[in-house]
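The values are calculated or read from the model by the stated rules, or taken from the named source; none is laboratory data. Treat the numbers as computed from the prediction; the structure is a model and nothing was measured. With ideal geometry, Cβ positions are generated from the backbone for all residues, glycine too; neighbour counts draw on all protein chains shown. Remember, those area values only see protein heavy atoms, side chains included, never the ligands or the DNA or RNA. Shrake-Rupley method; radii C 1.70, N 1.55, O 1.52, S 1.80 Å.
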Amino acid sequence: QVQLRESGGGLVQAGGSPRLSCVAYGRIRSCNAIGWYRQAPGKQRELVASITRDSMTNDADSGKGRFTISRDGPKTMVYQQMNSLKPEDAAVYYCNADIARFWTGRPGDFWGQGTQVTVSS
């Protein structure tokens, strides 16, 4: 079994700088891309940022200049540093990972349960 666990959400003041963390664990052979999506009420889930094993990042325009994604090399932990938080950043943030299963090597797309980020103005 493969699971993803997020942490670091909560109530943050506008302009604040929360840091989200996610760890993938279980029977994992390798973790390719790992990153973050978010979903605000009444809106579709959207990409925040992702990062590959080689630290190539894909950042959404909404977070450029404010958000930074990083990971521990090829390992299965990813961080999202969010600075200058805005009310429109309020959402449930989901960790997502492209993981090859340990025994078969078969790739799969895995999601965490999400962590709520609430922004107070």
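The table that follows gives values for the structure above.
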quantity: In Å², nearest 10: area of Leu11 left accessible to a 1.4 Å probe; calculated: 130
quantity: Choice from Gly16, Gly26, Gly35 showing the highest fluctuation, given a GNM over the chain with Cα pairs closer than 10 Å; calculated: Gly26
quantity: Whichever lysines have a C-alpha closer than 25 Å to that of Lys86, once near sequence neighbours (fewer than 8 apart) are set aside; calculated: Lys43, Lys64
quantity: Free-standing Cys residues across the chain, given no other cysteine C-beta under 4.7 angstrom; calculated: Cys31
quantity: Surface accessible to a 1.4 Å probe, Thr68 within the full protein complex, Å²; calculated: 80
quantity: Carbon + sulfur, % of accessible area of the chain - ligands and nucleic acids excluded, 1.4 Å; calculated: 46
quantity: The chain - charge dipole about Cα centre, Lys and Arg +1 at Cβ, Asp and Glu -1, debye rounded to 20; calculated: 340
quantity: Contact order relative to length of the chain, as percent, for alpha carbon pairs under 8 angstrom and 6 or more apart; calculated: 36
quantity: Stretchable slack from Leu11 to Lys43, in nm (0.36 nm times residue separation minus alpha-carbon distance); calculated: 9.5 nm
quantity: Positive-end residue, the chain charge dipole about Cα centroid, Cβ charges, pick of Gly112, Val2, Thr68; calculated: Val2
quantity: Stretch gain in nm, segment Trp111-Thr52, where the contour uses 0.36 nm per residue and the Cα spacing is subtracted; calculated: 19.6 nm
